[in-house]
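Notes follow the structure.
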Amino acid sequence: MYDIGGSYIKYGLISGNRDILYKNKVKTPLKSKALFVEVMKEIFESFKDSVEGIAISMPGKIDVFDGYAHTAGFLTFLEDTNIVDLFHSFTQLPISVENDGKCAALAESWAGALSNVEHGIVLVFGTGVGGGAIVNGKLYRGFNSIAGEFSFVQEVGSLKQNSYLGASGSVVSLIRHAEKVKGLSEGSLTGEMFFEQVENGDAEVRNVLINYCDTIARHIFNLQYIFDPEQFAIGGGISEQIIFIEEIKKSIDRLYESNEYHLVVPKIVQCKFRNDANLIGALMNHHLNKVKKVGQELT
């Protein structure tokens, strides 16, 4: 399994019943497609005698049926590329590929926080905001296969270029805001340091977190009235921080109490698989969809 991100490629060997037998990560090669293929092949070579297929999670607008990446997020060198054909340059194994946010939603629906939920939404917070919607127990992709690309949801009442949830809801934005408030140079604060300061009672940093969660809560209410899910599962590395989950719940409660016209309080849970969700979901996608072998077409 490959979970291809803008900073790292996480990879692992996973059994059919979701047991992660091995996992590791390497920095994502960003210079060229050729270098990218070289790294993918090198990883594959170390497992080739143990695998029956390859499942891939990556950012972008992905045609899950033929493996074509129309976009690829930060990985611009993979735009307009058939990812299945790219991997078939070094192996004839069956290949599947799906958007990373949708993989997270598949994982949580399959055996995670949404395993007994017919209607649910997964929100994954990282360098942007991804995720997916589960409708009638199935992943909803939409007409253009972009359902769940929450990063592109525009902020209410703003027409600014960067007024999107992908900017205001990103963990990078959260940390950069805290640096400005504390008068620190950019890049001097890590996520771990940020939450240590929150836990230690730093009022300024805590207020940054509250404002961040207030923004997320407003979007969650909007999604509640559009999809009416039973619950929202919150994922991404930041979801490891229980205080983050709790602050979202508090923001939702405040917003509900401040508006007499709200009909329901959105239910928030923590994703089960968190940083492993994309790998698990890629496996689920592999099971769900027919995969393409060399010389064969999907039917």
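The values are calculated or read from the model by the stated rules, or taken from the named source; none is laboratory data. Just so it is clear, the structure is predicted and the values come from calculations on it, not from any experiment. Positions of Cβ are generated from backbone atoms using ideal geometry, with glycine treated the same way; all protein chains shown enter the neighbour counts.
Quick rundown of the values:
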quantity	calculated
Selection from the range 247-261 of residues that are within 22 Å of the chain's Cα centre (by Cα) and either over 13 Å from F221 (Cα atoms) or outside the structural domain of Y225 (by TED's automatic domain parsing) (or both)	E247
Scan of the range 79-96 for residues that are within 18 Å of M1 (Cβ to Cβ), under 21 Å from the mean Cα position of the chain (by Cα) and free of Cβ contacts under 8 Å to residues at least 60 places away in the same chain, ordered by number	I83
The range 64-75 residues that are over 19 Å from H88 (Cβ atoms) and touching a residue at least 60 places away in the same chain (Cβ under 8 Å), paired with ones that are assigned to a loop (DSSP other than H, G, I, E, B) and not basic (K, R) (beta carbon under 7 Å, 6 or more apart)	G73/G6; G73/P59; G73/G60; F74/G6; F74/P59
Contacts under 6 angstrom Cβ, first residue in the range 195-224 being among the charged types (D, E, K, R), partner in a helix (DSSP H, G or I) and at pLDDT 95 or above, 6 or more apart	E204/V181; R206/V198; D214/S251
Residues of the range 81-95 classified as part of a helix (DSSP H, G or I), touching a strand residue (DSSP E or B) at 6+ places or on another chain (Cβ under 6 Å) and either more than 19 Å from N285 (Cα to Cα) or not aromatic (F, W, Y) (or both), total	2
Matching residues in the range 101-145 - criterion: being out of contact with any strand residue (DSSP E or B) (no Cβ under 6 Å at 6 or more places or on another chain), closer than 20 Å to C213 by Cα and either without any contact (Cβ under 8 Å) to a residue 40 or more places away in the chain or not polar (S, T, N, Q) (or both)	F125, G126, G128, V129
Check on I210, modelled with pLDDT of 95 or more, in contact with a strand residue (DSSP E or B) (Cβ under 6 Å, 6 or more places away or on another chain), among the β-branched types (V, I, T) and surrounded by fewer than 21 Cβ atoms within 10 Å (Cβ to Cβ)	no
